[in-house]
Amino acid sequence: MASEEKARAAGVHTLSLDGQGKLRLTGVVDVTSFDETLVALETTKGMLAVRGEGLHVERLCLENGELTLIGEVRAMEYDDNMLTRGGWLARFFG
């Protein structure tokens, strides 16, 4: 098993932000929604919302659980209840 596959199977999730312009993530399971101001995704450690301006997916490989975003990152928030009743993402799409 490759090291990336082992990390994903173990639930490893990393986040690296270069300045405010480039965000690299591992442990990404799915991207539930995205636009230039909000990227909502599921990670091995729960739901994550990335807010900013001019956000674009530079690289996405769900097979390896990797995502790279570029743009101005202003906030990141983890929330295990985003998709459940009452969570902000449920209200956004409800």
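Please identify which residues in region 8-44 have an amide N closer than 18 Å to a label point set 7 Å out from the Cα of Leu60, following the Cα→Cβ vector.
So the set is 22-44.
How large is the dipole of region 27-77 about the Cα centre if only Lys and Arg carry +1 and Asp and Glu carry -1, each at its Cβ, rounded to the nearest 20 debye? If you can, show how the numbers build up before the last one.
Numbers: 4 positive and 10 negative charges, 31 e Å.
So the magnitude is around 140 debye.
Given Gly19, Cys61, Thr44, which one lies farthest toward the positive end of the charge dipole of region 9-80, if we put +1 on the Cβ of every Lys and Arg and -1 on the Cβ of every Asp and Glu?
Farthest along the dipole direction, towards plus: Gly19.
Computed from the coordinates by the stated procedures, all read-outs in this text should not be read as laboratory data. Values in this document were obtained by computation on a predicted structure and should not be read as measured data. Using ideal geometry, Cβ is built from the backbone for each residue, glycine included, and neighbour counts are taken over all protein chains shown.
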